[in-house]
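Below is one structure, written out as structure tokens; the observations come after it.
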Amino acid sequence: MIKCLILKTGITLIAEISEVGADVGEPDCQLINPYQILEDGSLNRWPSVTDQRSMKMHSDSILTLVDPNQDVLAKYKEFV
């Protein structure tokens with residue numbers, strides 16, 4: 001499922017996301033191919049400090065999840 005994630009830090013991401021079983025206090029979301037959506041609508045690999053394309057995140061870092069619009073989704077699919 002490809003979603004836009006608005007993080008509590010204000011960063012907006014687009015990624016394939018799934019819930020993973022986790023013990024209390026451990027990351028419970030799996031992000032695959034996350035990209036940051038910049039103000040001008042362009043996409044940058046996220047986080048830029050690694051080539052790793054799959055990572056876990058705590059769901060409490062996410063403010064909300066929304067469906068991407070068709071333009072953003074098409075651009076994301078081009079990158080992936």
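Only one of (1) closer than 24 Å to LYS75 by Cβ; (2) in contact with a Gly (Cβ under 8 Å, 6 or more places away or on another chain) fails for CYS4. Which number is that?
Just one mismatch for CYS4, condition (2).
Six or more apart or on different chains, Cβ atoms under 7 Å: show the pairs whose first residue is in the stretch 26-45 and among the basic types (Lys, Arg) and whose second is at pLDDT 95 or above.
Every condition considered, the pairs that remain are ARG45/TYR35.
Only one of these is surrounded by 10 or more Cβ atoms within 10 Å (Cβ to Cβ) and part of a helix (DSSP H, G or I): LEU73, LEU63, LEU13, LEU31. Name it.
The match here is LEU73.
Can you pull out the residues in the stretch 46-60 that are loosely packed, with under 13 Cβ neighbours inside 10 Å, polar (S, T, N, Q) and in contact (Cβ under 8 Å) with a residue 12 or more places away in the chain?
The answer is SER54, and nothing else.
Working only within the stretch 1-18, note down all residues that are of a type in the set (D, E, K, R) and either modelled with pLDDT under 95 or over 16 Å from ASN69 (Cβ atoms) (or both).
Those that are of a type in the set (D, E, K, R) and either modelled with pLDDT under 95 or over 16 Å from ASN69 (Cβ atoms) (or both): LYS8, GLU16.
Does LYS3 count as among the basic types (Lys, Arg), within 9 Å of the chain's Cα centre (by Cα) and either surrounded by 14 or more Cβ atoms within 10 Å (Cβ to Cβ) or in a loop (DSSP other than H, G, I, E, B) (or both)?
yes
Hey, can you tell me all the residues within the stretch 41-60 that are part of a helix (DSSP H, G or I) and touching an Asp or Glu at 6+ places or on another chain (Cβ under 8 Å)?
SER59
Hey, any hits in the stretch 19-37 for a residue that's closer than 17 Å to LYS77 by Cα and modelled with pLDDT under 95?
No, every residue in the stretch 19-37 fails to be closer than 17 Å to LYS77 by Cα and modelled with pLDDT under 95.
The values are calculated or read from the model by the stated rules, or taken from the named source; none is laboratory data. Given the structure is predicted, the values throughout are model-derived calculations rather than measurements. Here Cβ is always computed from backbone atoms with ideal geometry, including for glycine, and neighbour counts include all displayed protein chains.
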